[in-house]
Amino acid sequence: MSDVLNLACELIRRRSLTPDDAGCQVLIGERLQCAGFAIEHLRYGDVSNLWATHGDGDPVFAFLGHTDVVPTGPESDWASAPFEPVIRDGRLYGRGAADMKSGVAAMTVALEQFVAAHPDHRGTVALLLTSDEEGPLNRDGVRRVVEEFRRRGQRIDFCVVGEPSSAEKLGDIVRVGRRGSLSGSLTVRGVQGHVAYPDKVRNPIHLAAPALAELAATRWDEGNAEFPPTSFQVSNVHAGTGALNVVPGTLEAKFNFRFCTASTAQSLRERTEAILRRHKLDFAIDWNLSGEPFATSAGKLRGAVEAATKAICAIAPRADTGGGTSDARFIAPLGAEVVEVGPVNASIHKIDEHVALDDLEKLPGWYRRIVETLLADG
Ligand SMILES: [Zn+2]
């Protein structure tokens, strides 16, 4: 069994449901300590974070990942137990096999190999892991670690996130940015009453419907070189008492913007509220900005990733900014170039999650090549 496969299996065996790390980071910390890394465990609340560094000074190259996994769903629906790694038909099965314990194992092995081959490398190489990536809050994970980094003046110049970015073939897509996510919880107030007395009520459904239609039809921006146009989606609408003869007093709607760098959260908030005011609604909105958009333009890191992908995966990767949010959003504001590169994401969060063994075996060499391009010369 190869080193990376062995470590991936060890990690899958640990039942690390967010925010429980279940010992993954201690295992990795001990390995990297043996390889000469300085190890720091940053624990905030129930969340474990690991910061491992080798070398000193600039530039700082950090791998980023998470040890937590999402729930399995009904375990009886799995062909084999989700926390018992199993190899079948050239694939490794288990919860986290793709998202992202293979990536974590490969980043660890890549760093061990890199410092063994280049003990006097330039700058600093590092690994940052959290057990709070998949949860709803992400409060005590990378967000919190980055606050601590700001206090210390800890910089990161290059960051590779080993999240599963590939769509069909290993290396076909590298993620060079992510859209921002802005959610709104809208309450429209009317006046409740009997449906037979229209002059005595203010129907919030009738009032809100044309406003929601206008929001849905609005072209918020045209996108730009890195991103498609900003999109707006209503995810929930609720009004009514259940009775057929009562006009409800309020309507509640939830909506979300996935926005690009051609808009700002502030401008989207203002434009939304202006439309609602124009429709003369009596309303309140609870806004939640869960991620600002970011993009890493063509530069040293993207160059290194493209060259490594061509060499190891024999494919020219397409740069993309799709998908949901990731912890990369917290690292980018430190001024880092950030790229997400990892295995195929077709089975993530699903029953029978898996990674192809051929892909898993390629990951450490792929990651190592990226670091070597940037930091190998002493
Ligand atoms: Zn993930």
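What to note about this one:
- Checklist (1) assigned to a strand (DSSP E or B); (2) within 22 Å of Ala304 (Cα to Cα) applied to Gly171, failing item: (1)
- Members of the stretch 198-257 found to be part of a strand (DSSP E or B) and among the hydrophobic types (A, V, I, L, M, F, W, C), listed by number: Phe232, Val234, Val237, Ala239, Val246, Val247, Leu251, Ala253, Phe255, Phe257
- Within the stretch 47-97, the set of residues being away from the ligand (no atom under 16 Å from the Cβ) and on the phi > 0 side of the Ramachandran plot comprises Gly55, Gly57, Gly73, Asp89, Gly90.
- Checking Asn203, Asn224 one by one, the residue that is more than 18 Å from the chain's Cα centre (by Cα) and either surrounded by fewer than 15 Cβ atoms within 10 Å (Cβ to Cβ) or at pLDDT below 95 (or both) is Asn224 and no other.
- Test result for Ser263, small (Gly, Ala, Ser), under 14 Å from Arg175 (Cα atoms) and part of a loop (DSSP other than H, G, I, E, B): no
- Odd one out for Ser76 among (1) of a type in the set (S, T, N, Q); (2) within 24 Å of Arg139 (Cα to Cα); (3) surrounded by fewer than 22 Cβ atoms within 10 Å (Cβ to Cβ): (2)
- Taking residues in the stretch 49-69 that are farther than 24 Å from Arg14 by Cβ, and partners anywhere that are away from the ligand (no atom under 16 Å from the Cβ) and of a type in the set (S, T, N, Q), the pairs with Cβ atoms closer than 6 Å and at least 6 places apart or on different chains are Gly55/Thr124; Asp56/Thr124; Val60/Thr124.
- Filter pass, Thr130 being β-branched (Val, Ile, Thr) and either within 16 Å of the ligand (Cβ to nearest atom) or closer than 24 Å to Val344 by Cα (or both): yes
- Count - residues of the stretch 168-200 that are within 23 Å of Asn138 (Cβ to Cβ), more than 16 Å from the ligand (Cβ to nearest atom) and either surrounded by fewer than 23 Cβ atoms within 10 Å (Cβ to Cβ) or not hydrophobic (A, V, I, L, M, F, W, C) (or both): 6
- Leading residue by the ranking (farthest from Ile370 (Cα to Cα)) among those in the stretch 308-358 that are in contact with a Leu (Cβ under 7 Å, 6 or more places away or on another chain) and more than 16 Å from the ligand (Cβ to nearest atom): Leu357
- Residues that are closer than 28 Å to Thr325 by Cβ and either modelled with pLDDT under 95 or surrounded by 17 or more Cβ atoms within 10 Å (Cβ to Cβ) (or both), drawn from the stretch 265-284: Ala265, Leu268, Thr272, Leu276, Phe283
- Residue tally, condition in a loop (DSSP other than H, G, I, E, B), more than 18 Å from Leu289 (Cβ to Cβ) and within 16 Å of the ligand (Cβ to nearest atom), over the stretch 134-167: 6
- Residue check for Asp46: out of contact with any Lys or Arg (no Cβ under 9 Å at 6 or more places or on another chain), within 30 Å of Glu147 (Cα to Cα) and charged (D, E, K, R): yes
- Residues located in the stretch 1-37, provided they are outside any helix (DSSP H, G or I) and surrounded by fewer than 21 Cβ atoms within 10 Å (Cβ to Cβ): Met1, Ser2, Arg14, Arg15, Leu17, Asp20, Ala22, Gly23, Ala35, Gly36
- Taking strands (runs of 3 or more DSSP E) as the structural unit, those lying wholly within the stretch 295-378 and holding at least 2 residues that are aliphatic (A, V, I, L, M), surrounded by 19 or more Cβ atoms within 10 Å (Cβ to Cβ) and modelled with pLDDT of 95 or more correspond to 337-340, 354-356.
- Failed item, numbered, when Val115 is tested on (1) within 16 Å of the ligand (Cβ to nearest atom); (2) not in a strand (DSSP E or B): (1)
The values are calculated or read from the model by the stated rules, or taken from the named source; none is laboratory data. Note that this is a predicted model, so its numbers are computed, not measured. Every residue, glycine as well, gets a Cβ built from its backbone with ideal geometry; the counts of neighbours run over all protein chains shown.
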